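Reading through the structure tokens given below for one structure.
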Amino acid sequence: MNLSTLNFAPAVPIPDHLVGEVQSKLAYVDERIASAQISPAGEQISIDLKQPVAESERSAIEEKVQRVVVSMAKGAIRPKVQVLEDYLDRSTPFVGDPMPELMQRGEIHREADGIYTLGPLLTRLIDWFERRFLDLADSFSAKPYRFPTLIPARYLERVGYFRAFPHSLSFATHLRSDLDQIDAFAEGAACDNHDNLNVPPERFAPIQTLLSPAVCYHLYFTLADQLLPPQGVVATAVGNCFRYESLNLNSLERLWNFTMREVIFVGAKEFVLENRELARQRMQRVFEEIGFAYRVESANDPFFIGEFRKQAAFQSAFQLKYEIRARLPFKDGTLAVGSYNYHQDFFGRHLNIQLPDGSAAHTGCVAFGLERIAFAFLAQFGFDANQWPLSMQEILQ
Amino acid sequence: MSENVSLNPLTRRIREALSLALQVPIEMISEDLAFGDLPQWDSMGHMEVMMRLEEFFGVEINADTIATLTNFTAIRQYLEDNHLGVNS
């Protein structure tokens, strides 16, 4: 018997539409898991462990896996898939995986799992897309904002983030303001062979701050307890975002630290929904101009297991989220590079953002993952400028 | 005589389901109640309502229907249209 693998059937059937979602959550089940796979039909789960473990421990791990499966799959409601645009079959000139060449060219440098530096090519590509996103923001006369990278824990608590996405949180702290603690840290702090900073937890101050997981939250808190102007608010900002994805952190497709550009709408329901739709139509023209292969389809956020079934079904039922999924020819798959989101009056009610008539404001945002869209572009068009859309060839000059 | 006794059985059962789902006293479940009227009937509360309706009436509610059952009247109409009474 191989004591470093586990193979078993799920406690309840995993519907095909949930196989990917459940598999991604298995990364958070136990630190001894090296990788987890669910067969495409959802009838078999395979777990590779980092090292062999005793039989009793294997049972404990399996039990935890089954908890995830039952929580997410039992009574799951099949989502209503709606495709708004489908250009996945557009012909694009490149079929390779850009990662090896990006590494070989020194265009990316991996600092840690999910943390990369980007070189001139990727930076210029991102700048090109940023200009298009800023054009989009300008078309709505969006006001520019700059938001901090840190966000108070109290803010995320107030909008239920801890329940919905506990697995992806990134915490920020500092040493306690105590000379003895600071001296002891300065004297002895070092990283061990596993890159762990070897410092007792009590040396750190209580956590009051996190690394921000999204850009638009900062605007909503800026508008909290305020009466909105009759014309609503349109804002745009770019910012660092942090979502820890454990074993799922993978190349530029899934970063821990990434950058998002958002155009944010706050106002009446019709105002938000109309602008979200207008934004989609305007971006459709941009993607058409460069021959980008993608699809816009309904989606849900990656809620954690306890919340997943209800929250995902709600998002699907009310068509709150659409993702821009770019084709990745090298893996015959797609990657979400942006999204069109509507939150109903969730933030308006929780943060007391009021419309002139006293009712709660509605919110929505259009968000683009800058590293992902540049990566997807390279995956479709490669590194030969002659193969690139004419309007983008200047990037390489 | 309590208020509940005077209601028809379906209405009473819906009130019970919503009361349990939203974790509020049954007196707060009026027949003109709608999504958003109570802080408890938010997105999470709505899905609790859907699951309680499934449990109470033995119905499987699909994604299309979830978006339409946003008030008491619509819920009652849906259950009546689908012949889902108190004995289901």
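The values are calculated or read from the model by the stated rules, or taken from the named source; none is laboratory data. Source: prediction; values computed, not measured. FYI the Cβ positions are ideal-geometry reconstructions off the backbone, even for glycines, and counts take in every protein chain you see.
Kindly indicate which of A:347, A:375 is touching a strand residue (DSSP E or B) at 6+ places or on another chain (Cβ under 9 Å), away from chain B (no Cβ under 14 Å) and crowded, with 24+ Cβ neighbours inside 10 Å.
Working: A:347 fails: away from chain B (no Cβ under 14 Å).
After applying the criteria, what remains is A:375.
Residue A:308: within 14 Å of another protein chain (Cβ to nearest Cβ), in contact (Cβ under 8 Å) with a residue 12 or more places away in the chain, buried (at least 22 other Cβ atoms within 10 Å of the Cβ) and part of a helix (DSSP H, G or I), yes or no?
On the way: within 14 Å of another protein chain (Cβ to nearest Cβ): yes; in contact (Cβ under 8 Å) with a residue 12 or more places away in the chain: yes; buried (at least 22 other Cβ atoms within 10 Å of the Cβ): yes; part of a helix (DSSP H, G or I): yes.
Yes; evaluated as a whole, the condition is true for this residue.
Which of the residues spanning the stretch B:59-85 are under 13 Å from the mean Cα position of the chain (by Cα), of a type outside the set (Phe, Trp, Tyr) and away from chain A (no Cβ under 12 Å)?
B:59, B:71, B:73, B:74, B:75, B:76, B:77, B:79, B:80, B:84, B:85
Identify all residues within the stretch A:249-269 that are under 10 Å from the mean Cα position of the chain (by Cα), among the aliphatic types (A, V, I, L, M) and part of a strand (DSSP E or B); write none if there are none.
A:260
If a residue counts only when it is within 24 Å of residue A:375 (Cα to Cα), which helices (runs of 4 or more DSSP H) contained entirely in the stretch A:120-219 have at least 3 such residues? Spell out how you get there, then give the answer.
Working: elements: A:120-139, A:153-158, A:161-164, A:179-188.
Per the criteria, A:120-139.
Considering only residues that are over 23 Å from the mean Cα position of the chain (by Cα) and acidic (Asp, Glu), which ones fall in the stretch A:331-360?
A:357
Yes or no: residue A:165 touching a Gly at 6+ places or on another chain (Cβ under 8 Å) and of a type in the set (A, V, I, L, M, F, W, C)? Give the steps one after another, and end with the answer.
Values: touching a Gly at 6+ places or on another chain (Cβ under 8 Å): no; of a type in the set (A, V, I, L, M, F, W, C): yes.
Here the answer is no, as residue A:165 does not meet what is asked.
I'd like the residue in the stretch A:280-305 that is part of a helix (DSSP H, G or I) and in contact with a helix residue (DSSP H, G or I) (Cβ under 6 Å, 6 or more places away or on another chain) and, out of all such residues, is nearest to residue B:43 (Cα to Cα). Explain how you work it out, then say what you get.
Of the stretch A:280-305, the ones part of a helix (DSSP H, G or I) are A:280-290, A:305.
Restricting the remaining residues to those that are in contact with a helix residue (DSSP H, G or I) (Cβ under 6 Å, 6 or more places away or on another chain) gives A:282, A:286, A:305.
Details: A:282: 30, A:286: 34, A:305: 16 Å.
So, considering only residues that are part of a helix (DSSP H, G or I) and in contact with a helix residue (DSSP H, G or I) (Cβ under 6 Å, 6 or more places away or on another chain), the one nearest to residue B:43 (Cα to Cα) is A:305.
Please go through the stretch A:140-198 and give me each residue that is over 18 Å from the mean Cα position of the chain (by Cα) and of a type in the set (Val, Ile, Thr), ordered by number.
Residues satisfying the conditions are A:173, A:182.
Would you point out the residue of the stretch B:34-57, among those that are under 13 Å from the mean Cα position of the chain (by Cα) and exposed (fewer than 15 other Cβ atoms within 10 Å of the Cβ), that is nearest to the other protein chains (Cβ to nearest Cβ)?
Quick first cut of the stretch B:34-57, residues under 13 Å from the mean Cα position of the chain (by Cα) only: B:34-35, B:41, B:45-57.
Of the ones still in play, those that are also exposed (fewer than 15 other Cβ atoms within 10 Å of the Cβ) are B:34, B:55.
Values: B:34: 13, B:55: 10 Å.
So the residue we want is B:55.
Failed condition for residue A:208, given (1) under 29 Å from residue A:362 (Cα atoms); (2) in the same structural domain as residue A:139 (by TED's automatic domain parsing); (3) not aromatic (Phe, Trp, Tyr), with all others met?
Against the list (1) under 29 Å from residue A:362 (Cα atoms); (2) in the same structural domain as residue A:139 (by TED's automatic domain parsing); (3) not aromatic (Phe, Trp, Tyr), residue A:208 comes up short only on (2).
Pull up the stretch A:79-109, narrow it to residues that are at pLDDT below 95 and out of contact with any helix residue (DSSP H, G or I) (no Cβ under 6 Å at 6 or more places or on another chain), then point me to the one that is farthest from residue A:22 (Cα to Cα).
If we filter the stretch A:79-109 for residues that are at pLDDT below 95, which is where we start, we get A:79-82.
So of that shortlist, the ones also out of contact with any helix residue (DSSP H, G or I) (no Cβ under 6 Å at 6 or more places or on another chain) come out as A:81-82.
Details: A:81: 18, A:82: 21 Å.
Filtering first and then ranking leaves A:82.
Tally the residues that are assigned to a helix (DSSP H, G or I) and more than 17 Å from residue B:80 (Cα to Cα), restricting the search to the stretch B:11-29. Write out each step before concluding.
Going residue by residue through the stretch B:11-29, those that are assigned to a helix (DSSP H, G or I) are B:11-22, B:26-28.
Imposing the further condition that a residue be more than 17 Å from residue B:80 (Cα to Cα) reduces the set to B:19-22, B:26-28.
Residues flagged as assigned to a helix (DSSP H, G or I) and more than 17 Å from residue B:80 (Cα to Cα) within the stretch B:11-29 amount to 7.
Suppose the filter is among the hydrophobic types (A, V, I, L, M, F, W, C) and either surrounded by 18 or more Cβ atoms within 10 Å (Cβ to Cβ) or under 17 Å from the mean Cα position of the chain (by Cα) (or both); does residue A:235 pass it? I'd like the intermediate steps shown before the answer.
On the way: among the hydrophobic types (A, V, I, L, M, F, W, C): yes; either surrounded by 18 or more Cβ atoms within 10 Å (Cβ to Cβ) or under 17 Å from the mean Cα position of the chain (by Cα) (or both): yes.
Yes; evaluated as a whole, the condition is true for this residue.
What about residue A:63, is it in a helix (DSSP H, G or I) and over 30 Å from residue B:48 (Cα atoms)? If you could, list the steps in order and put the result at the bottom.
Numbers: in a helix (DSSP H, G or I): yes; over 30 Å from residue B:48 (Cα atoms): no.
It is false that residue A:63 is in a helix (DSSP H, G or I) and over 30 Å from residue B:48 (Cα atoms).
Please enumerate the residues belonging to the stretch B:67-76 that are more than 16 Å from residue B:9 (Cβ to Cβ) and modelled with pLDDT of 90 or more.
Residues satisfying the conditions are B:68, B:69, B:70, B:71, B:73, B:74.
Which condition does residue A:323 not pass, out of (1) free of Cβ contacts under 8 Å to residues at least 60 places away in the same chain; (2) within 14 Å of another protein chain (Cβ to nearest Cβ), if it passes all the others?
The number of the failed condition is (2).
Being of a type in the set (A, V, I, L, M, F, W, C), closer than 30 Å to residue A:207 by Cα and surrounded by fewer than 18 Cβ atoms within 10 Å (Cβ to Cβ) narrows it down to one of A:162, A:147, so name that one. Don't jump to the end; show me each part of the working.
Values: A:147 fails: surrounded by fewer than 18 Cβ atoms within 10 Å (Cβ to Cβ).
Just one listed residue meets the conditions, A:162.
Run residue A:379 past the list (1) over 24 Å from the mean Cα position of the chain (by Cα); (2) over 17 Å from residue A:218 (Cα atoms) and report the number of the one that doesn't hold.
Answer for residue A:379: the failing condition is (1).
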